[in-house]
Structure formats: structure tokens, C-alpha cells
Amino acid sequence: MSAGKEDESEYLFDDEVAKYLSGLIENRVFDKKADCKEAFKDLKSAVTSSLNTEELTVKVYTELYKGIKHEDGKEMMNKIINEEKQHVAYFKNLLEKLEA
């Protein structure tokens, strides 16, 4: 890997960034205190849990996007973020229908 390419991804190995992303994922996605059975006790709970996970995914990918310097990488990550945003919209719409 060239020196320029190494510099572009260095932030991912920064202790502060790693701790932030790790904490974000561990505390929200893998909340050890949360009861998984409760999250999927019924359809509404499952959709709500799925929505929350998708929203978190958008946040994590958006943080990763900020550190990408290579345009091809930014373009690819932006496509992924937009796909995840579509998932968020899908689950929001589904939840609205379930609450109606």
C-alpha cells in the first residue's frame, strides 16, 4: 500500500475513533442488558428493533464516511449509506402501518 493510501485509512486505527465506533456499536447494537426476546415478542417490537438497528447502521457508516479521502471509496460508502437509509424508510413506513 502506498504511503498516501495508508494515510487515508489511518484514522480507522486511531484509538479515539476506534473507541467511539466500538462503543457506539456495542452499546446500541449489542446491548448486553437488553432482552432479545423482548425485542421480538411481537411484530411491532421486531419492526421497531429492526428500525433502530438500521438507524444505527446509518450513523456508523456516516462516521466511517467522514474519514474516507479516496473519491471511489466515498462514492461506494455513499451508495451503501443510501441503501441503509432506504431500509430505515421501509421500517418507518411499516411501523406507521402497524400503529394505524
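Numbers at a glance
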read-out	value
Qualifying residue in segment 43-62 (condition: among the acidic types (Asp, Glu) and at pLDDT 75 or above)	yes
Residue within segment 88-98 that is within 30 Å of GLU16 (Cβ to Cβ) and within 13 Å of the chain's Cα centre (by Cα) present	yes
Residue count for segment 53-70, restricted to those that are assigned to a helix (DSSP H, G or I) and either closer than 13 Å to LEU94 by Cα or of a type in the set (Val, Ile, Thr) (or both)	5
Pairs where the first residue, in segment 36-52, is without any contact (Cβ under 8 Å) to a residue 12 or more places away in the chain and among the hydroxyl-bearing types (Ser, Thr, Tyr) and the second is part of a helix (DSSP H, G or I) and loosely packed, with under 14 Cβ neighbours inside 10 Å, C-beta under 7 Å, 6+ apart	SER45/GLU38
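The values are calculated or read from the model by the stated rules, or taken from the named source; none is laboratory data. What you see is a predicted model; the values in this text were computed from it and never measured. Glycine also receives a Cβ, built like all others from the backbone with ideal geometry; neighbour counts cover every protein chain displayed.
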